[in-house]
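Since the structure comes first, as structure tokens, the remarks are kept for the end.
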């Protein structure tokens, strides 16, 4: 993850992620603003969004939703404050769960 320091958007759709703790390695991605966890069992856990936002306070969008509790998340929701354009943008779609014990 250390080499991905400029990542802004990460799509982990349908990766069989079942716990919020499995997302802990994403804490090193300080520029991450958009995380999509669609079609993962972790979304069924009560308090999922709050836990993820506390773990990843830089997020402005989670699962395509721009409303939440973290300052960055709320700011990207309904207000009209302009947001800075980041000079580098990485969009990565992971097709397997990189956090599982069975990954390569």
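The values are calculated or read from the model by the stated rules, or taken from the named source; none is laboratory data. Since the model is a prediction, treat every value here as computed from it, not as a measurement. Cβ coordinates were reconstructed from backbone atoms using ideal geometry, including for glycine residues, and neighbour counts include every protein chain displayed.
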When both residues are 6+ apart or on different chains and their Cβ atoms are under 6 Å apart, which pairs have a first residue that lies in the stretch 50-79 and is on the phi > 0 side of the Ramachandran plot and surrounded by 12 or more Cβ atoms within 10 Å (Cβ to Cβ), and a second that is at pLDDT 80 or above and in a loop (DSSP other than H, G, I, E, B)? 63/37; 63/38
Selection count, the stretch 1-12, where residues are exposed (fewer than 14 other Cβ atoms within 10 Å of the Cβ) and touching a strand residue (DSSP E or B) at 6+ places or on another chain (Cβ under 9 Å): 0
Just for the stretch 13-39: of the residues that are within 15 Å of residue 65 (Cβ to Cβ) and touching a helix residue (DSSP H, G or I) at 6+ places or on another chain (Cβ under 9 Å), which one is surrounded by the fewest Cβ atoms within 10 Å (Cβ to Cβ)? 33
Tell me which residues, restricted to the stretch 1-23, are free of Cβ contacts under 8 Å to residues at least 60 places away in the same chain, under 17 Å from residue 51 (Cβ atoms) and either within 14 Å of the chain's Cα centre (by Cα) or outside any loop (DSSP other than H, G, I, E, B) (or both). 19, 20, 21
